[in-house]
Structures are given as C-alpha cells and as structure tokens.
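Heads up: the structure comes next, in structure tokens.
The values are calculated or read from the model by the stated rules, or taken from the named source; none is laboratory data. Treat the numbers as computed from the prediction; the structure is a model and nothing was measured. Every residue, glycine among them, receives a Cβ derived from its backbone with ideal geometry; neighbour counts consider all protein chains shown.
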C-alpha cells in the first residue's frame, strides 16, 4: 500500500466515558490537539488517566469475518460435545477405574470449572485481549482432554475434567465476545443464532459420539477425548493468527487492573454453590457436612462479592449493571429459562423410561429441541436485523358508545422475547397433561417448542443486555448472563430432584407402606428404574401411578417457573440496536 494511502486511513476510534473519540497513533500528532494547543506526553490521557478506554475495531466483513467466526465456533462445538460426552462414557470410565463415586464427579468437575471460567472471562479478556484469551482456552481444553485420554487413575481423570472445563468455559464465552466486538448489534442476532446452532449440534452429538467411539474403537472411551486434541490445537493456531481485537487501553499495568479480590470471591461463590447443589442428594445426602458447609459459605462469599464489587474501581462484574431493569430482567430470564430447560432434559427421559421406553427412544424425542433451537435462533436474529428491535409497543383500543379510549402500553413489550418465552410456556403446558399412556408425539412437540423458545430467548436476551449497556461493558455483561445460566441449570436440577424424590417417596409409602418388606422394596424402586420389571405381584399399577404423580409435580413446578420467566422478559425495555460498532449513527 502506498504511503499516501496509509495516511488517509482513519485513526482507530476509542470510547472515553462512552463517547467515541480518536486514539493517538503514528498518524496522529502526539503534541497538539484539534485546537492547536500543545500537550506534553505526561498530559496524555493514556499516561495519567486510570480509566480504561475501549478501542473500536474496523468492522470486518466477507470471507475474513466468516473465517474468524468459524474458527471460534470450532471451540464452541467441541466444548458442547465435551459437556455431554460424559453421559455415555461415565459408566465405562467408572468401571475401568472401579469407582462408582467417579460417575458424578466426571460431570460435576467439568461443570463447576466451566461456570467459574465463564464468569470472569469477560473482564480478563478486556485486559489481555480476546485472541490471547481464546489461545489460553484452547490450550487448556486440549490439555484437559489429553490428561483424560491418558489418565491411569481417577484423580488424574477428575483433574483432567477440571482443566478441560476451564478451557471449555472460555471457548464458549469468549467466542460470544468476539462476535460482539466485530459485528454491529443490529446484525448480531443472526450471528449469535448460528453460534447457538453450533452449540446445540455439539450438545446433541456429544453422547452419540462418545458411545460410538467407545463401542467401535480398540482405545475405547480414551479415544473420544484424544481425538479432540488435534482439532483444538489447529483452532488455537488459527485464532492466534486471525483474532486481533485490541484490549482496553489503560495507563495501569495488567496486574494492577485485575480485581483479584473480586475474582477470588466470585469463583469461591460459584464453586461452593455448584459443589453443594451437585453433591446434595447425588453424591451425598443433604444432611452430609459437604452441602451443609458449602452452601452457607457460598452465601457468605456472594455477600462479600457484592459488597466488594459495589466499591471496586475496576470490578470483575460491575454489579451496578444489574440495577438496570433490562439487564436484571434479561439475566433472570436466562436463569429461569435454563432451569426449565435442564429440568425437562433430565426428567422427560426418566418419565419415558419409567413407562418402558428405551434410552434410544428418549434420545430421539430430545432431538427435536435442537431443531427448534436452530430455527428460532436464526429466525429471531433475522427479525431483529430487519426491524432493529427486539420489542415493539402495541396499542389497545377500548371503544364505547360515548367515547374511544386508546391506551399505549409502554412498559409491557409484546415482542420477540414474549413470543419466545410463550413457546416455552406452551411446551410446559403440554408436559402438565402427560399421563402413563400419553403418545410420544406429544413429547416431540413439547421439545420442539421448548428448544424453539430457548433458542429465541437466549439470542434476544443477550442482544437486550448488550444494547442496554455501554460498548465498554459488553464482555462483562455477557459474562453475567453466562453466570446466571450456569447457576440456573444447577438450581433447576436440584429443585426438580428434591420435588421428584420427596413426592415419589410419599406416594409409594402412602400406597405400600403397610405391605411386607415395603421399606426395602421402596428403596430399590427409588434407586433403580429396572426394579419396575421385578415388582411383587399387585405393585405395578400403584408404583407407576406414584411415578406419574412425582413427574406431574415436577411439571407443575416448571409451569410456575416459566410464568415467572414470562413476567421477567416482559419487563425488558427496548434499546436501540445500532447498525455500527461505534454506535454513533443517527436515530
């Protein structure tokens, strides 16, 4: 490129207190400003100002943009596979190491480290950059899978899952940040929808992939982990070369800008909370010292985090952002929606198997969820791109013989968000009608609606959060939504498990408590569905009715939660979806 061409290139934009400005570089005089008044280097905003400044990159288009996105989506796809691959591999892994206690830890270890990493990745990549963050995540993800593939004892296996979870969490969240950095909000929904498809495809194929590799390879389950390593290494090299998004600029050193107290308190809160919720009722009884200790301590850590972050100069997640109505209600919508989704994913297959369906039949029914997710993720993005809105005002007309009254409802937004959550409401309503003889197509429709609502909701609430905050807070508010999702998934499973077990126990004792050997038989029924095939004479109908009552209690709980979700999403305000990265176009 000729020197004259270089001189005509615009200097990079920077956001200072939310306003676009021009950052000094080789083409911008360091001495002198627009008014011609000289300033010394010591007076430069970057030299003495502790406030960070956000660089806005030139919008990337065409082949290069898609190459960057697909490189990021490789990690999203593999991270989703790794989150569900353990569903079919946990049994053979536990059998090889002769440790049934390993069964639950394989999923729990990955899930907890994944959630902890996602929640802090926004702030850390603001400081160090998206590219280095993705390289770090790819390296940890590859290392974790390599450790798992070569593990010779259960401790090494759990450690490998923790390391892979750290990397997987970063791959998921940072890929979202990259899309937001490179694509204006008005076009962002379509891209996020495609990212959701990659995640949904990976999550859907994880269990199938693990089972096929385990059953058809001499290496068994180990190959399922090892085969991911080369792909992740290639992804690491590609993002190192392609992702060149500058971090925030500050006069402080990197370490001085890290809120170590906030990082420690947030990770402590998430680890203790998720550990306690996952362990209670699964690994150990609820009255065991593990949940009795971790859950109260998690509340202490959460209180410490909120107190510290409200006063920190550069917080890991600015808690004041949650005071914004749109951000708070969008995050709560994520929490409630994820609770409902996880409850359905865990308990609908259990419902089917209690009626005698196979695991394969359950898998076929669940496949309808990612189909709906794919359609509505892209569909909602296209609508937002076309209209520039995720909400719209509507007019209510009240006529009478004497006058016509027109009420414009501004606080209740009838739009994509409500439409998406309404699909989830319809799905849960179908579940509440289930009984022991319900046809499977009812479940297929329910999962199609559930996935459709979930896909639309995730895309819409993310765009709402991004539009509600300044450009400089996009990454940290995205991290907040991921944290709400992680907590919601675990809390949902925990609530469903408690309700299911208590109702089932009560129903079984109410029907068979006076029968000989009832205590032992009821205990076996609650622990193993296969016991339904070996019940004493006269027990089957009553046991199946007890199961149906337990499942109905779960469905009704989901109905309450999804109605609360509908209230939350309806309270989001409409914010402008800008067509430029600098957000300075005219309304």
Fill in: Which listed residue is modelled with pLDDT of 85 or more and closer than 30 Å to residue 385 by Cα, from 566, 577, 556, 544
566
Discussion item. So for segment 328-336 (the condition being outside the structural domain of residue 560 (by TED's automatic domain parsing), surrounded by fewer than 20 Cβ atoms within 10 Å (Cβ to Cβ), touching a helix residue (DSSP H, G or I) at 6+ places or on another chain (Cβ under 8 Å) and under 30 Å from residue 459 (Cα atoms)), does at least one residue qualify?
Written reply: no
Practice prompt. Return a yes/no flag: does segment 113-128 have any residue that is surrounded by fewer than 23 Cβ atoms within 10 Å (Cβ to Cβ), more than 19 Å from residue 490 (Cα to Cα) and assigned by TED's automatic domain parsing to the domain that holds residue 77.
Written response: yes
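Matching residues to (1) without any contact (Cβ under 8 Å) to a residue 60 or more places away in the chain; (2) crowded, with 18+ Cβ neighbours inside 10 Å; (3) touching a strand residue (DSSP E or B) at 6+ places or on another chain (Cβ under 9 Å); (4) part of a helix (DSSP H, G or I):
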site	(1), (2), (3), (4)
251	no, no, no, no
267	no, yes, no, yes
274	no, yes, no, yes
298	yes, yes, no, yes
301	yes, yes, no, yes
316	no, yes, no, no
Worksheet item: Name the residues in segment 512-526 that are in contact with a helix residue (DSSP H, G or I) (Cβ under 8 Å, 6 or more places away or on another chain), outside any loop (DSSP other than H, G, I, E, B) and farther than 23 Å from residue 347 by Cα, would you?
Response: 512, 518
Item to complete: State which residue is surrounded by the fewest Cβ atoms within 10 Å (Cβ to Cβ) when the search covers only segment 425-440 and only residues that are at pLDDT 90 or above and either at positive phi or assigned to a helix (DSSP H, G or I) (or both).
Response: 432
Response to the item:
Exception for residue 464 within (1) surrounded by fewer than 24 Cβ atoms within 10 Å (Cβ to Cβ); (2) in a helix (DSSP H, G or I) falls at (1)
Practice prompt. Would you mention how many residues in segment 307-349 are within 18 Å of residue 487 (Cβ to Cβ) and within 20 Å of the chain's Cα centre (by Cα)?
Written response: 25
Practice prompt. Could you tell me which residue of segment 276-291 is modelled with the lowest pLDDT, considering only residues that are more than 13 Å from residue 490 (Cα to Cα) and not in a helix (DSSP H, G or I)?
Written response: 283
